[in-house]
1. Select from 195, 140, 151 the residue farthest towards the positive end of the dipole of the range 125-198; place +1 on Cβ of Lys and Arg, -1 on Cβ of Asp and Glu, and compute about the Cα centre.
2. Sort 89, 26 by Cβ crowding within 10 Å, fewest neighbours at the top.
3. Just report the Cα centroid separation between the range 258-293 and the range 111-141, whole Å.
4. Show me, for the range 151-162, the HN-Hα J-couplings you get by feeding each phi into the Karplus relation (A = 6.51, B = -1.76, C = 1.60, θ = phi - 60°), rounded to Hz, glycine and proline as x.
5. Multiplying the sequence separation of residue 194 and residue 74 by 0.36 nm and subtracting their Cα-Cα distance, what value in nm do you get?
6. So what is the relative contact order of the range 124-182, in percent, for Cα pairs below 8 Å that sit 6 or more residues apart?
7. Please give the contour-minus-distance gain from residue 233 to residue 23: 0.36 nm per residue of separation, less the Cα-Cα distance, rounded to one decimal in nm.
8. About its Cα centre, what dipole magnitude does the chain give when the only charges are +1 on Lys and Arg Cβ and -1 on Asp and Glu Cβ, stated in debye to the nearest 20?
Amino acid sequence: MSVTVRVPAKVNVQLAVGAARPDGFHDLANVFLAVGLYDEVTVEPAEELSVTCAGTDADQVPLDRTNLAARAALALAERRGIEPAVRIHIAKDIPVAGGMAGGSADGAGALLACNELWQAGASRAELLAICADLGSDVPFSLVGGAALGTGRGERLTALEVGGTFHWVFAMAGRGLSTPAVFREFDRLAEGRAVPEPVASRDLLDALAAGDPDALAAAVSNDLEPAALSLFPDLARTLDAGRTAGALAALVSGSGPTTAFLVRDPESATKVAEALRTSGTCRSVRTATAPAPGARVLPSPRGTTAPADA
């Protein structure tokens, strides 16, 4: 028997970052939007815990117990007194170290898959609590759609989205470390007051209305200056997308993936082609949002396990 879970990438349409806390984290107002790029995580019984990976950037994925998918399996097994004897296979399509929560997605996917495989009976609330322990972005990978993340991003409030948004994503030639980007944020913030992070009312209204022009006017990412400081060439990619007609261009999360909001599928095709020929990025993808969170896929027999466990 095996269980496969499909789990989405994310883009942060707002990432407001507060000053560093005593524990080293930062308070956030993090508006997540799940986008239709997916990893698929398959788990099956095995003699011992192992992780394999294939697909986009698979050679960059750790295959030991530091992998968030492995950590998720271990966390659930410990809570339920289960031997974590499982093979985890990740079919990778979300960029690695790209600011799109690919690792977090794999953690959420493995957690949901193991809960189903082991019939562990963890509730949605318990799964979310485990996700929060694993990382700030992991709970949203489970939930999907759109949500405001507060605290360090793990406390979620679902948001209304009134339509479909079209995105183009440009993948950089190398990754960026999220901790390094936050350290650079702190360095750049030295000597000035950092305001408390607050969600933009205009942005939330734009999401609810499904209005791409209003959303474009409201998107923001407080980590973008830090990402650009560490990876200055990203500015060329952002400029290329804007020149091609994107409504908005921003670094996705901690980067280095850059995200371009466009009006419609035709605009997405135009901007994507311009970025592909710009020489400023490694690859380009298009996707729509919002997308559903982690979902158990139908088994080979055609039955579907309950996603909420």
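What follows is calculated from the coordinates using simple rules that are stated; it is not laboratory data. Bear in mind that the values here come from a model prediction, so they are computed numbers and not experimental data. Glycine gets a Cβ as well: all are built from the backbone with ideal geometry, and neighbour counts include every protein chain shown.
1. 195
2. 89, 26
3. 31
4. x, 8, x, 8, 8, 10, 10, 5, 10, 7, 10, x
5. Residue separation times 0.36 nm, minus the Cα-Cα distance, leaves 39.5 nm.
6. Computed value for the range 124-182: 20 percent relative contact order.
7. 72.4 nm
8. Charge dipole of the chain: 260 debye, to the nearest 20.
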